[in-house]
Amino acid sequence: YHVIGAVRDIDKMDAVAEIDNWPLDRFTTMHCELNSFDSVREFCDRIEKWRGIKPVDRLICNAGVYQPSLPYAKWSADGHEQTMQINFLSHFLMISLLMEGMKEAPDPRIVTVGSVTGNDNTVGGGGVYPIADLKQLEGFKAGFSNPVSMADGYGFDGAKSYKDSKLCLMMLANILHAKFHKSHNIAFSSIYPGCIAESPLFREKRAWFRKYFPIFMKYITGGFVGEEEAGQRLFQVAHDPRCGERSGIYWSWNGGPREGRGAEALEKDGQISGGGGAGGGWDSIFENEQSAKVQNIDTTVDLFTTATAITGAKWPKPADMVEEAPPTLKVIGSISKNKLQDEEAKRRSVRPGLDESTKAAKDEDGSASPVFSEEDKAVLSDIIAEELASEKKEAVV
C-alpha cells in the first residue's frame with residue numbers, strides 16, 4: 001500500500017513517521033482540517049490530482065474528538081458543533097467526494113469507526129448515561145447551525161455528541177451499502193476495535209477517571225485494547241480478504257466486552273484472548289449485532305438526507321436507476337392511461353365510507369386525464385413503429 005495520512009499538523013506527522021521508521025517512499029502526508037468543509041474539499045481535490053490514473057482503494061474514516069467535559073458547544077468554521085462535524089459530517093462529505101473514483105479499484109473499501117457507545121444493545125452503549133439517540137433529528141432538520149448544537153435539537157452534552165456521532169457513522173455504513181454497494185462494488189463497513197482506554201482520546205476526562213477507567217476496562221468488562229492492537233484491527237478490515245467480500249457489516253473482535261471476568265482477568269493482567277475478552281488475533285473477528293437504533297431505516301434515511309443538505313454533498317446516482325422511461329414505455333403508458341380513463345372515472349366517482357358525493361376523475365395534480373385525437377394516435381403509432389423497427393421486429397400498426 002501507499003498510505004496517505006490526512007492530518008492537521010503535517011510537521012508533527014512527518015516527525016512521527018521518521019521516528020517510527022515508516023517507509024517514507026510509501027507514505028504521504030496531506031493537510032486536512034475536519035473542522036472545515038472547505039479544507040475537506042481541498043484535501044479531496046489534492047487526492048484526485050495526486051493519484052493520477054490509480055484509484056484510491058481504501059478510505060478509513062478514523063479521526064475523532066471526544067470533549068465530554070465541555071459545558072457549552074464549540075463551533076466549527078462552518079458554524080456547526082465541532083464534535084459532530086469532525087467525527088461525522090466531514091467524513092460524510094469526504095466519502096461523497098472520493099467514492100466515485102474508488103469504484104475503479106479492484107477491491108475498494110470504505111470503513112467508518114463506530115463505537116460500543118453508539119450501540120445501545122451493550123452495557124457500554126445502553127447502560128452508561130448519556131445514551132446515543134438521534135430521536136427525530138430535529139437539530140439536523142433545522143440546519144444544525146449555531147445555536148443548534150445537537151442532532152436531536154435539545155441542549156448540548158459533550159459526551160452525548162460523541163456517542164451520537166458514532167451512531168451516525170454506523171448508520172452511514174449501512175445506508176451506503178444499501179445505496180451504492182451494488183453499483184460501485186465498494187465494501188462499506190463500520191468497526192468497533194475495542195476501548196483504547198489509555199489513549200489521548202480521554203485526555204479531557206478528570207484525573208481519577210483516567211487512572212481507574214483502564215483498570216475497569218481491563219479487569220471488569222474485558223473491553224480494553226492497546227493502541228497498537230486497535231490499529232491492527234483497523235488494518236485487518238482494510239486488508240483481510242474476508243472483510244472485502246462482505247459489505248454492510250459491523251465488525252468486532254472476540255465477542256466484545258463482558259462483565260464478571262474476575263480471577264481470570266487478574267491472572268492475565270487483563271489481557272484475555274478468546275470469547276468474551278477484547279483481546280485476540282486475526283481470527284477473532286466476527287460480525288457484531290447492531291442495535292435497533294442503528295438499523296432504523298426511517299431515521300437512517302432522514303440522517304442521510306439532512307446530512308447531505310448540511311454538507312452540500314453530491315452523491316452519484318446508482319447505476320441501475322432509470323433516469324427516464326424509454327420512448328416505447330412512455331407511449332404504451334400514455335395509451336393505457338387513455339384507454340382506462342372511463343374505468344378509472346367510474347371507480348373514482350364515489351368513495352365508500354368517506355363520502356357519497358360524486359367526484360370527477362382527476363389526476364393527482366388535479367388535471368383531467370388527456371384524450372388523444374386521431375392525429376395524436378397516428379403520431380403515437382409512428383413512434384411505436386420506429387421503435388420496433390430499430391429492434392428489427394415486425395409490427396402491424
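The values are calculated or read from the model by the stated rules, or taken from the named source; none is laboratory data. The structure displayed is predicted, hence computed values, not measured ones. Here the Cβ positions follow ideal geometry from the backbone for every residue, glycine too, while neighbour counts run over all protein chains shown. Surface accessibility is based on the protein's heavy atoms, side chains included, excluding ligands, DNA and RNA. Shrake-Rupley method; radii C 1.70, N 1.55, O 1.52, S 1.80 Å.
What the table shows:
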quantity: ILE10 vs. criteria open to solvent by 50 Å² or more (accessible area, probe 1.4 Å), in contact with a strand residue (DSSP E or B) (Cβ under 6 Å, 6 or more places away or on another chain), aliphatic (A, V, I, L, M) and touching a residue at least 24 places away in the same chain (Cβ under 8 Å); calculated: no
quantity: Single condition THR83 does not satisfy, out of (1) under 19 Å from the mean Cα position of the chain (by Cα); (2) in a loop (DSSP other than H, G, I, E, B); (3) within 24 Å of GLU227 (Cα to Cα); calculated: (2)
quantity: Which listed residue is open to solvent by 20 Å² or more (accessible area, probe 1.4 Å) and in contact with a Lys or Arg (Cβ under 7 Å, 6 or more places away or on another chain), from ASN185, ASN174; calculated: ASN185
quantity: Unique match (being at pLDDT 80 or above and not β-branched (Val, Ile, Thr)) among PHE156, PHE216; calculated: PHE156
quantity: Long-range neighbours under 8 Å by Cβ, at least six apart or interchain, first residue within 14 Å of MET171 (Cβ to Cβ) and touching a residue at least 12 places away in the same chain (Cβ under 8 Å) within segment 130-147, second open to solvent by less than 40 Å² (accessible area, probe 1.4 Å) and of a type in the set (Val, Ile, Thr); calculated: ALA132/THR117; LEU134/THR299; LEU137/THR299; LEU137/THR306; PHE140/THR306; PHE140/ILE310
quantity: Boolean, ASP45 is assigned to a helix (DSSP H, G or I), at pLDDT 95 or above and acidic (Asp, Glu); calculated: yes
quantity: Yes/no for VAL65 being of a type in the set (Val, Ile, Thr), at pLDDT below 95, crowded, with 16+ Cβ neighbours inside 10 Å and not in a helix (DSSP H, G or I); calculated: yes
quantity: Pairs where the first residue, in segment 85-104, is open to solvent by 10 Å² or more (accessible area, probe 1.4 Å) and at pLDDT 95 or above and the second is polar (S, T, N, Q) and not in a helix (DSSP H, G or I), C-beta under 6 Å, 6+ apart; calculated: ILE86/ASN35
quantity: Matching residues, segment 111-150, being open to solvent by 10 Å² or more (accessible area, probe 1.4 Å), outside any loop (DSSP other than H, G, I, E, B) and at pLDDT 95 or above; calculated: GLU138, LYS141
quantity: The one condition in (1) small (Gly, Ala, Ser); (2) in a loop (DSSP other than H, G, I, E, B); (3) modelled with pLDDT of 95 or more that ALA173 fails to fulfil; calculated: (2)
quantity: Within segment 243-356, helices (runs of 4 or more DSSP H) holding 2 or more residues that are in contact with a Phe, Trp or Tyr (Cβ under 9 Å, 6 or more places away or on another chain) and either open to solvent by less than 50 Å² (accessible area, probe 1.4 Å) or at pLDDT 70 or above (or both); calculated: 262-267, 297-311, 327-339
